[in-house]
Structure formats: C-alpha cells, structure tokens
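Every read-out reported here was derived from the displayed coordinates using simple, explicitly stated rules and does not represent laboratory data. Remember, it's a predicted structure, so these values are computed and weren't measured experimentally. Here the Cβ is made from the backbone with ideal geometry for all residues, glycine too, and neighbour counts use every protein chain on show.
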Amino acid sequence: MKILVTGGTGYIGSHTCVELLNEGYEVVIIDNLYNSKIETVDYIEKITGKKVKFYKDDCCDKEALRKIFKENKIDAVIHFAGYKAVGESVKLPLNYYHNNLGSAIILCEVMKEFNCKNIIFSSSATVYGNSKRVPFKETYKLSTTNPYGTTKMFIERILTDLHISDEDWNVVLLRYFNPIGAHPSGLIGEDPNGIPNNLMPYVVKVATGELECLSIFGNDYPTKDGTGVRDYIHVVDLAVGHVKALEKIQKDNGLFIYNLGTGEGYSVLDIVNTFERVNKVKVNHKFAPRRKGDIATCLADPSKAEKELNFKATRTLEEMCRDAYNYAVKNR
Ligand code: NAD
Ligand code: UD1
C-alpha cells in the first residue's frame, strides 16, 4: 500500500514514516517545511534503508495535491500537517483556522476527486477541554479552551460528517496524549525553534545548558506531589499506533476514534527526577505559578485502542527521557 503522509518531516510524522517503511508500506511525504527540515527525509531513509518520495508543498495548495495524487496511486492518507502551538493559536487564531481547517478540507476534496477515502487524522487530548473526569474516554463530550484545540474538534466533526455523507470513507481519529522522546538512533526527534512551550523540550534545553532553569508551573495541584500529571507516550509507540490504525481500516470499514496514551500518569517532578537519573545530568528547576489553562491531571483511558487495535504502548518513562536527551546531544 502507498501512504501519503502530510507533515511527514515533522516530529510525529517522521517517526510514523519509519514505522510504516519498516512494515513494508510505501511512503509519499508532503510537507512545506514550515516546522521541519529537509534532512529528515535522508534520516528516515538512513534508519530504514528504504526510499521515500518527498514533495515540498503546502496542503492548502489544491493543484499541488492533485499533482501528487496524479503521480502516485495513494491508498490512504495520514494527516499530520498543521500548526500546533496553543499559545500562538490564541494570538493568531486566523492563521490556525486557515492552515489547519484549510489543509484538512482541501486534502479531503482532492482525496474525493481521486477516490481515495481512507484517512487517519492527528487529533489531540486537547479536545477533552477542562474535563476533570480522568481518565478520559473517547465517549466524553468534547470542548476546547483555545483555537488550536477548536481546529482539532472541528476537523474531527468535518471528517465525521464526511463519513456520514458517504460510508465508503474510512476515518480514524487518533487523540494523542503527550508524545515525548525520540527515535533511539538519535537521527530524528523533536527540535522546536526558540523557547519551547512544552515540558520535555524545555527540560532537554536546560540539561544541555541552552536554557538556565525550568519553571515548574504550579506545585499546589491536587496530585501526589502538587505538580501537574500527564500521560506521556514515547513517540515511537505513538507511531506504531498509526500502523495499527491503518491495519484496522484494511479489516473494517467505518469511523473509529481512539485515545493513544499509556493510561499511566507522571508528574512534572517525576519527569525531572527520571531525566536526571537516567541521563546523569542536572536539570535546574524552580517552582512558579500555575500556567493559565492547565489542568491538574490529563490521562487517557487506553483500553479501546488496546482492545480494537491491539495497540499497547510499551516504552518506559526511562526510555522516553533517555531517547529525548540522546537526540539533543547528537544534534547540538
Ligand atoms: P510538527 O510541527 O513537528 O509537524 C507538523 C509538520 O507539518 C511540520 O513538518 C510542518 O512543516 C508541516 N506543515 C504545517 N502546515 C503545513 C501545510 N499547510 N502544508 C504542508 N505541511 C505543513 O508537529 P508534530 O508534533 O509532529 O504534530 C503532528 C500533528 O499531531 C499535528 O497536527 C499536531 O497538532 C498533532 N498533535 C501533536 C501533539 C504533540 O504533542 N506533538 C499532540 C497532539 C496532537
Ligand atoms: C500541551 C497543550 C495541549 C497539547 C499538548 C501536546 C497547553 C495549555 N496545552 O499540553 O493542548 O495537546 O501540549 O502537545 O499548552 N510544564 C512546566 N513547565 C514548563 C512546561 C510545562 O511545569 O516549562 C508543565 C505543565 O504545567 C504540565 C506539564 O508540564 O503540567 C506538561 O506540559 P506540556 O508539555 O506543555 O503539555 P500539556 O500542558 O499537557
């Protein structure tokens, strides 16, 4: 099968390309390199020993997409391309609605033209909004607290409507929890520009000396040590989840929604302590006020993906911390 991976040179996309190639799928990537580098294509090929076809194009460009579908007989699409910074989306909502909704709609229009009706979409635990009922189940009512989250909720709705309009559309909505870590080769990983917003990239930059001190946002949450608890999942496990989702729509037709997480919660202090222990480095940190919009605990109920996809994340927090640091050290 030939899979079009949008955003395939990005953090999660690149790891997914590796797992797809390892499983024998052919991979075509479209990425405008807004938040990734062309070298990633070489690294994907180096890790797997297989070739990928790369198009430097924008998913909002209908003609570019048509050209890709004309030149390649695409069987399914995994749609990662999009903007993902929560804070930025509050400041620049139109950019987020334009890029995230625009690319999803145009992509689906072109897929329809070429009769390719299999799509896997990168959604997020952010669609559970401020829910306090943890762990989150796929059946919970959705709500959002920022434009980024709203784009995810809207795209889920659009793909659902598409499936309702024509049951030949097979749709998998994957709600990621907190992906961290990197490929153990150290060739691909997460490398945000500027000062990171998310915890693990920040921890890494403090450990390598690029940033001075981690601010831990809040130590008075109703959690075991007062710091926020999240469901961290190794990015390679997450990538494997996409292969499982593809297998699902080869077996069964329909619309499917899955959480991809571990179901296990770790606090900010757990992350800092484990990172220090595994990598034998110091991560300077101090307590700071809570970050606006944060919730105390965000955890997946991963049982549906386990039952229906036969997907279970296996990589430990130690591996997540080790691989994240290994990638950073190799790429300084
Ligand atoms: P990323 O920024 O590393 O990858 C996204 C890729 O898409 C980048 O390479 C970027 O250049 C490309 N891109 C953006 N807009 C494009 C467009 N219009 N046309 C072509 N390419 C475009 O992000 P990521 O962390 O790999 O996330 C992938 C997807 O997963 C995103 O949709 C994101 O919202 C979602 N997601 C990520 C997380 C996370 O923690 N990383 C959590 C939940 C959901
Ligand atoms: C964030 C996004 C969420 C997105 C997810 C995955 C916000 C409000 N939420 O979730 O929509 O789906 O990323 O990418 O941005 N922390 C610190 N210090 C830091 C950074 C983070 O203490 O410098 C804490 C946070 O308060 C939180 C935990 O670390 O308790 C994880 O934070 P982060 O990595 O930003 O992820 P989320 O907030 O879960």
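Below is a table of values for the structure above.
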read-out	value
Angle in degrees between helix 235-251 and the longest Cα principal axis of the chain, rounded to the nearest 10	30 degrees
Trypsin sites (Lys or Arg not before Pro) restricted to DSSP loop in the stretch 98-136 with at most 10 other C-beta within 10 Å	Lys132, Arg133
Positive-end residue of Thr40, Leu94, His163, charge dipole of the chain with Cβ unit charges	Leu94
Shape of the stretch 161-282, Cα gyration tensor, a/c cut at 1.5	prolate
Within-11-Å neighbourhood charge of Thr40 [Cβ basis; K, R +1; D, E -1]	-3
Nearest-ten-degree value, helix 62-71 long axis tilted from longest Cα axis of the chain	70 degrees
Cubic angstrom per residue, convex hull over Cα atoms of the chain	121 Å³
Euclidean distance between Cα centres, the stretch 175-192 to the stretch 288-320, Å	15 Å
Equivalent ellipsoid dimensions for the stretch 50-109 as semi-axes, Å, which come from the Cα gyration tensor, largest first	25, 13, 9
Computed lengthening from Leu33 to Asp166, 0.36 nm per intervening residue step minus Cα-Cα distance	44.6 nm
Rg/Rg_ref, the stretch 225-332, where Rg_ref = 2.2 N^0.38 Å and atoms are Cα	1.27
Dipole magnitude of the chain about its Cα centre (Cβ charges: Lys, Arg +1; Asp, Glu -1), debye to nearest 20	480 debye
Per residue convex hull volume, Cα atoms of the stretch 40-183, in Å³	139 Å³
Projected label distance in nm at Phe287 and Val329, using a 7 Å step from Cα toward the beta-carbon	3.2 nm
Rel. contact order, % - alpha carbon contacts under 8 angstrom, at least six apart, the stretch 9-119	26 percent
Normalised contact order of the chain, rounded percent, pairs of Cα under 8 Å and 6 or more residues apart	19 percent
With Cα atoms, 0 to 90° folded angle of helix 268-279 axis to the chain main axis	90 degrees
